[in-house]
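Trainee: Take a look at the following structure, please.
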């Protein structure tokens, strides 16, 4: 009789009595490949034909460079703003009780649910010089619509839910005992907030910031109506892709798309690193 | 500790103000209301006001003008196309999501994390880029372009392209909701069903499906909202042919760019209404079935 | 205000302060209601300086609420807390100078062990804050005290439960509190660690002389560890006394039952003399106690006896050995089952008819 092997064989899948792995795994992988991976591969293929120098050439074109600068720069500021206010919103929603709290909580998800084009024309109408808010701003000498400020407003709109929803569950999970412990040790409320409550939330805040930033950079629908789309001033990178496509400049479109994809992958990587670091340091995400 | 307590004269103890009770782990009353105020004003300004604007502008010239926007043939065909697109994209992603979640949540295999990351990928791709990649595959200058032209099949600037782009942008919704949920539920119940003689399909239908139904409904709801409202990706592949390849969001854009504001906002109000219904149902689901929707933290 | 800790008093275990020694904390007429349920009823208690006092009670007895009110984490509806000679009822938790140790440690996960211990010192206003070197020295001393000297730079997630609880204690001691308050300090630990930590806490207490109150629902823990035990039930203080006092002279059936296994027997009292089944028992009640009463006895206060001598009759249901003793369940003829404890003898066969004689016990005026 043959001895059973002592060393467990490295296998692709752990044995299980549950049926259906082959079918569901095969189906999922096939669909994923056809819908997501192959089309993305087409972009990579196209970009590789351009080569690094080809992409660089497009990226340094003054109009493209300024569009990228607008997209990334404004998105950075917008994500920062969304993170600060998102934190306040998340804190208020989890820590305080006030009438209408549940409704306010539901409202936070509005940008997820509202089609971007609808948000876009509404923001444009609101912040246009004759709009409800735009009129007030105009009196102060501030032009919102058709300037980078308009882009900023749209990006804050689109990024806010990410900032709120990444921090909120962690605020819920804060153990009140650590705040009590801090108080019994003589720390005032502000000291407790700064030294005990906030530091463990930083990874979540950074994650929310990165998500809002990535979303802002890629956003199209809610921005183009309010932006005014002036080349070199308020033209965003995604719009430039659309323009290049309409001019049948596939290479140019691919180059910009590749740069944007690269940045969003770097952002994703950053998020994963933040979470890995947080897990190591605090034992949780 | 030299002074004995007896020194303190016994007094009739007064009732103590109850406001102190919660003060150890929260901020002062003024700070509290200040922060609540900041949050509400901010949300009102950035989120609620735009929503209200849609309806205000839509009814700016009264009911007749509002309704006129929908009597137009182009508007009707846009509604039809949006419904068709969602009717294909949502069930497609539903089936994919359930299959993927079954394989990922109920089994242990190598490369699982990579698979999950790849499924999430469309969320981190700009909508415009999502459209672009399909143009690169199916467009006239694309990889399969010449072959498709030879077969006389049109995908880009036609309905199939719109459906494909919509499937892409809504791809992760169902799967990413179900994977953590089903992982948390484990395999014990399915194993119990199997030991009792149920077939795999029977176990799925009678054990797994009831356990995930609220999470499933929740994710389908969000998937549908995005499918009907997608703009950037669809805009790239549609070609904007009025009456043929215009979905509702694209129709809104065209009307707006033609300075037909009332009609643009009227059509937009339809989509905003959809968003509101989605939010309300979503919130109701969260309040009633929070534990059956998501594993651990809420995610989108 | 007197905030100094009597660090010099070193006392041997079990020696309590004589009556009349200084009171560190006085709890006066404390009442507290959560929503509609009352958790504390007009509770008064004196805590002596330097003693280790256990608040013992079942869950829901209000013991944790009492501890939290003393700390300033909860607020009473009525009553006063007096620290030393000062009314502290309105003093916010930050200024009470208490050291609170939580059941689940409540360590700051993002801070190293040293940062955790130094937290209370660093949180002080600049003018009251010790110099950096002084803080480092004190953290070092405390790490020595809790025998975790090499652990200053570790993080809480790298420590075991017992180690975390010791850090939590050091953190509380670092601010030189007037009183150390521990809420079920060993509740989250497994049995062996629990035992070690108990002994260790007693040692720390004997070395520092720190006035300490700890909450527990475990009688053994309270009796083994404390100088005095305060037994709480349903928000009332049932009895307070040394472990010997509460065990030998429980004031109520509640205290008696809570401190160990108890047998309940119907009895008749006649001017303090208690008899069961028409036979007199050695149990003596208050003079004048007359009529049907309940007699309570410990399992070892029943002995096997000849039928003519026995107060109770029945048959053996089962018997088993535990820790050198024999425990026998006896089905009484009237129906109830009692547990008898005897020194280790041979196992008794089930069904064997036996007689039981009551050799000690308690009756209480209801």
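Trainee: Determine the equivalent ellipsoid of chain B by diagonalising the alpha-carbon gyration tensor, then write out the semi-axes as square roots of 5 times the eigenvalues, largest first, rounded to whole Å.
Mentor: On the way: eigenvalues 446, 220, 62 Å².
Output for chain B: semi-axes of 47, 33, 18 Å.
Trainee: So, one more: Set the Förster radius R0 to 56 Å, insert the Cβ-Cβ distance between residue C:87 and residue B:209 as r into 1/(1 + (r/R0)^6), and round the FRET efficiency to 0.05.
Mentor: With a Förster radius of 56 Å, E is 0.30.
Trainee: For peptide C:301-309, what's the mean number of Cβ atoms from other chains within 10 Å of each residue's Cβ?
Mentor: 0
Trainee: Okay, next question. How big, in percent, is the set of alpha carbon pairs in region A:40-132 lying more than 19 Å apart?
Mentor: Here the long-distance tail beyond 19 Å is 69 percent of all Cα pairs in region A:40-132.
Trainee: Now, a different point. So for region B:98-150, considering every pair of alpha-carbon atoms, how many percent are separated by more than 13 Å?
Mentor: So the portion of pairs separated by more than 13 Å is 68 percent.
Trainee: Ranked highest first by the average count of other Cβ atoms within 10 Å around their residues, in what order do B:266-272, B:62-68 fall? Intermediate values should be presented prior to the final figure.
Mentor: Working: B:266-272: 27.0, B:62-68: 11.9.
Ranked by mean Cβ neighbours within 10 Å, highest first: B:266-272, B:62-68.
Trainee: Send over the per residue convex hull volume for region B:88-184, Cα only, as a whole number of Å³.
Mentor: 111
Trainee: Let me ask something else about it. Please give the FRET efficiency for residue B:277 paired with residue A:21, using the beta carbon to beta carbon distance and R0 = 30 Å, rounded to the nearest 0.05.
Mentor: 0.20
Trainee: 7 Å from Cα along Cα→Cβ at both residue B:64 and residue C:199: what's the point-to-point distance in nm?
Mentor: Going by the 7 Å Cα→Cβ label model, 9.6 nm.
Trainee: For residue C:134 and residue B:153, what does the FRET efficiency come to when R0 = 60 Å and r is the distance between their Cβ atoms, rounded to the nearest 0.05?
Mentor: Numbers: r = 82 Å, r/R0 = 1.36.
Plugging the Cβ-Cβ distance into 1/(1 + (r/R0)^6) gives 0.15.
Trainee: Okay, next question. For chain B, with a Gaussian network of springs between Cα atoms less than 10 Å apart, report the residue from B:264, B:290, B:44 with the top mean-square fluctuation.
Mentor: Highest fluctuation of the listed residues: B:44.
Trainee: Further question: Divide the volume of the convex hull of the Cα atoms of region B:143-193 by its number of residues and quote the answer in cubic angstrom per residue.
Mentor: 142
Trainee: Compute and list, largest first, the equivalent-ellipsoid semi-axes of region C:217-366 from the alpha carbon gyration tensor, each √(5λ) rounded to a whole angstrom. Intermediate results must be reported in sequence, preceding the final value.
Mentor: Working: eigenvalues 148, 94, 27 Å².
They are 27, 22, 12 Å, listed from largest to smallest.
Trainee: Let me ask another. Considering only DSSP beta bridges where both residues belong to chain C, give the percentage that are antiparallel (nearest 5).
Mentor: 75
Trainee: According to the Kirkwood expression over distinct Cα-Cα pairs, how big is the hydrodynamic radius of chain A, in Å? Let's see the in-between values first.
Mentor: Working: mean 1/r = 0.0448 Å⁻¹.
For chain A, inverting the mean 1/r across all distinct Cα pairs yields 22.3 Å.
Trainee: If you don't mind, another one. Using a Debye calculation, one point per C-alpha and no hydration shell, please list log10 I(q)/I(0) for region A:168-263 at q = 0.13 Å⁻¹ in order.
Mentor: Log-scaled intensity ratios, in q order: -0.64.
Trainee: Right, another one. Over the alpha carbons of region C:164-262, what is the largest minus smallest coordinate on each principal axis, giving the biggest first in Å?
Mentor: Each principal axis gives a Cα extent; for region C:164-262 these are 41, 29, 24 Å.
Trainee: Another question, then. Give the average, rounded to an integer, of partner chain Cβ atoms located within 10 angstrom of each Cβ in C:82-91.
Mentor: Across the residues of C:82-91, the mean count of other-chain Cβ atoms within 10 Å is 4.
Trainee: What number results when the radius of gyration of chain C, computed over Cα atoms, is divided by 2.2 N^0.38 Å?
Mentor: The reported ratio for this selection is 1.18.
Trainee: Rounded to a whole number, what is D in µm²/s for region C:94-205 from Stokes-Einstein with the Kirkwood radius over alpha-carbon pairs (37 °C, 0.692 mPa s)?
Mentor: Working: Rh = 14.2 Å.
This corresponds to a translational diffusion coefficient of 231 µm²/s.
Trainee: What percentage of all Cα-Cα pairs in region C:230-319 are separated by more than 16 Å? Intermediate values should be presented prior to the final figure.
Mentor: On the way: 2481 of 4005 pairs.
Distances greater than 16 Å cover 62 percent of the Cα pairs.
Trainee: Right, something else. At 0.36 nm per residue, and after removing the present C-alpha to C-alpha distance, how many nm does the segment from residue A:281 to residue A:65 gain when stretched out fully?
Mentor: Fully extending the segment from residue A:281 to residue A:65 adds 73.9 nm.
Trainee: Sticking with this one: With label points built 7 Å along Cα→Cβ from the Cα atoms of residue C:271 and residue A:142, find their separation and express it in nm.
Mentor: 9.6
Trainee: Translational diffusion coefficient of region C:109-149 at 37 °C, 0.692 mPa s, Stokes-Einstein with Kirkwood Rh over Cα pairs, in µm²/s as a whole number.
Mentor: Diffusion coefficient, whole number: 310 µm²/s.
Trainee: Counting only C-alpha contacts under 8 Å and six or more residues apart, can you give the relative contact order of chain B as a whole percent?
Mentor: Reported as a whole number, the value is 28 percent.
Trainee: While we're on this one: State the dimensionless ratio Rg/Rh of region B:185-300 (Rg: radius of gyration of Cα atoms; Rh: Kirkwood radius).
Mentor: On the way: Rg = 20.6 Å, Rh = 17.3 Å.
My calculation of the ratio gives 1.19.
Trainee: Starting from the Cα of residue C:365, move 7 Å in the Cα-to-Cβ direction to define the label point; list residues of region C:215-241 whose amide nitrogen is under 20 Å from there.
Mentor: Flagged as within label range: C:237-240.
Trainee: How big, on average over all directions, is the shadow cast by the Cα convex hull of region C:39-166, in nm²?
Mentor: It is 9.8 nm².
Trainee: I want to verify the translational diffusion coefficient of the protein assembly as shown in µm²/s; compute it with Stokes-Einstein, Rh as the Kirkwood radius over Cα pairs, at 25 °C and 0.890 mPa s.
Mentor: Stokes-Einstein gives a translational diffusion coefficient of 73 µm²/s.
Trainee: A follow-up question, please. Under a point spin-label approximation (7 Å from Cα along Cα-to-Cβ), what is the residue B:198-residue C:245 distance to one decimal in nm?
Mentor: 6.3
Trainee: Counting only other chains, and only Cβ atoms inside 10 Å, what mean value do you get across the residues of A:156-166?
Mentor: 2
Trainee: Quote to one decimal, in nm, the extra length available between residue A:194 and residue A:44 on full extension: 0.36 nm per residue of separation minus the C-alpha distance between them.
Mentor: 49.5 nm
Trainee: Let me ask something else. Starting from the Cα-Cα distance between residue B:114 and residue B:217, subtract it from 0.36 nm times their residue separation and give me the gain in nm to one decimal. It would help to have the intermediate numbers written out before the result.
Mentor: On the way: separation 103, 0.36 × 103 = 37.08 nm, distance 2.63 nm.
Length gained between residue B:114 and residue B:217: 34.5 nm.
We did not get these values from a lab; they are worked out from the coordinates using the rules stated. Since the structure is predicted, the reported quantities are computational estimates derived from the model, not experimental observations. Note that each Cβ is placed from the backbone with ideal geometry, even for glycine, and that neighbours are counted across all protein chains shown.
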